[in-house]
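Take a look at the structure below.
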């Protein structure tokens, strides 16, 4: 374990001890901890993270928490479709950490020689049938995605949400008639939230992120289609110590709590 990873683990353990404590004495300890300067060997510098679009809100929250612990560490995100992120890496784009929305795209990065070590699964996600608030298209289930009179949005097949959508449709025996194939799940979710699509297959977490603008319809078959989310440090990471600290935060705490609150499933 590198010095930075060890420092991160010690800091996380200390924070967890404070969080689980009780009354006045613990409050005092918490106040003392909040004013403690980071260790000399704490991770610092810039860490560039390429992450699946569905992780946007959770990872931004994680960044805020890590900034409080490591004021000298700056996390720069590039969110997008996992397949596109891997293409960038294989073309030589510099980055420190990769987090994808399925193992298929991560496997491509591993095969391309850009991943350092073994990727770790840190979350899981399922699909939801999402409709605008009030359900103006009167959508009742997956079968309605074949209705040519409805405006349907589904992710492109090469991106994880599109691959998952096709597996879900196959499981339900439905041939969809999409009007729009989106480049990532955030685009599909936005179309529903704005009322520009009557229905879309998006991740449950993205439906939740849209708040009251989006409703979901129960799809029993979704339990058969679950995407694992892996994260990995990259072989040529410009900031390897910072990269491992961020990856450890994603797979442990505070990442696990943040992802759970967003609706992600525990791996």
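The values are calculated or read from the model by the stated rules, or taken from the named source; none is laboratory data. The structure presented is a predicted model; accordingly, all values stated were derived computationally and were not measured. Note that we place each Cβ from the backbone using ideal geometry, even for glycine, and neighbour counts take in every protein chain shown.
Considering segment 169-185 alone, what residues qualify as being surrounded by fewer than 23 Cβ atoms within 10 Å (Cβ to Cβ) and assigned to a helix (DSSP H, G or I)? Don't jump to the end; show me each part of the working.
Within segment 169-185, the first condition is being surrounded by fewer than 23 Cβ atoms within 10 Å (Cβ to Cβ), and the residues that meet it are 169-181, 183.
The answer is 169, 170, 171, 172.
Please specify each residue of segment 146-168 satisfying the condition of being within 20 Å of residue 52 (Cβ to Cβ) and in a helix (DSSP H, G or I).
Filtering segment 146-168 down to residues within 20 Å of residue 52 (Cβ to Cβ) leaves 153-168.
The answer is 160, 161, 162, 163, 164, 165, 166, 167, 168.
Just need a number here: residues in segment 242-254 that are touching a strand residue (DSSP E or B) at 6+ places or on another chain (Cβ under 8 Å) and surrounded by 21 or more Cβ atoms within 10 Å (Cβ to Cβ). Outline the logic, then answer.
Kept after step one, since they are touching a strand residue (DSSP E or B) at 6+ places or on another chain (Cβ under 8 Å), are these residues of segment 242-254: 242-247, 250-251.
Filter once more, keeping what is surrounded by 21 or more Cβ atoms within 10 Å (Cβ to Cβ): 242-247, 250.
Here the count works out to 7.
Enumerate the pairs (first residue in segment 80-91 and without any contact (Cβ under 8 Å) to a residue 60 or more places away in the chain; second residue anywhere and assigned to a helix (DSSP H, G or I) and surrounded by fewer than 23 Cβ atoms within 10 Å (Cβ to Cβ)) with beta-carbon separation below 6 Å, excluding pairs fewer than 6 apart on the same chain, so at least 6 apart or on different chains.
Filtered contacts from segment 80-91: 86/108.
Residues 247, 237: which one is modelled with pLDDT of 95 or more, in a loop (DSSP other than H, G, I, E, B) and under 20 Å from residue 106 (Cα atoms)? Give the derivation first.
Values: 247 fails: in a loop (DSSP other than H, G, I, E, B).
Selected residue: 237, the only one of 247, 237 that is modelled with pLDDT of 95 or more, in a loop (DSSP other than H, G, I, E, B) and under 20 Å from residue 106 (Cα atoms).
Checking the condition buried (at least 17 other Cβ atoms within 10 Å of the Cβ), modelled with pLDDT of 90 or more and part of a strand (DSSP E or B), which residue from 55, 66, 62, 50 passes?
Details: 55 fails: part of a strand (DSSP E or B); 66 fails: part of a strand (DSSP E or B); 62 fails: part of a strand (DSSP E or B).
Answer to the check: 50.
Look at residue 163 and say whether it is touching a helix residue (DSSP H, G or I) at 6+ places or on another chain (Cβ under 8 Å) and not assigned by TED's automatic domain parsing to the domain that holds residue 139. Write out each step before concluding.
Numbers: touching a helix residue (DSSP H, G or I) at 6+ places or on another chain (Cβ under 8 Å): yes; not assigned by TED's automatic domain parsing to the domain that holds residue 139: no.
No.
Can you name the residue in segment 128-168 that is out of contact with any strand residue (DSSP E or B) (no Cβ under 7 Å at 6 or more places or on another chain) and under 30 Å from residue 106 (Cβ atoms) and is also surrounded by the fewest Cβ atoms within 10 Å (Cβ to Cβ) among such residues?
Checked segment 128-168; the qualifying residue surrounded by the fewest Cβ atoms within 10 Å (Cβ to Cβ) is 157.
Filter segment 200-215 down to the residues that are more than 14 Å from the chain's Cα centre (by Cα) and under 19 Å from residue 260 (Cα atoms) and list them by number.
Keep residues of segment 200-215 that are more than 14 Å from the chain's Cα centre (by Cα), which gives 200-201, 210-215.
Passing the criteria: 210, 211.
Among the residues of segment 93-125, write down those that are surrounded by fewer than 22 Cβ atoms within 10 Å (Cβ to Cβ) and assigned to a helix (DSSP H, G or I).
103, 104, 107, 108, 110, 111
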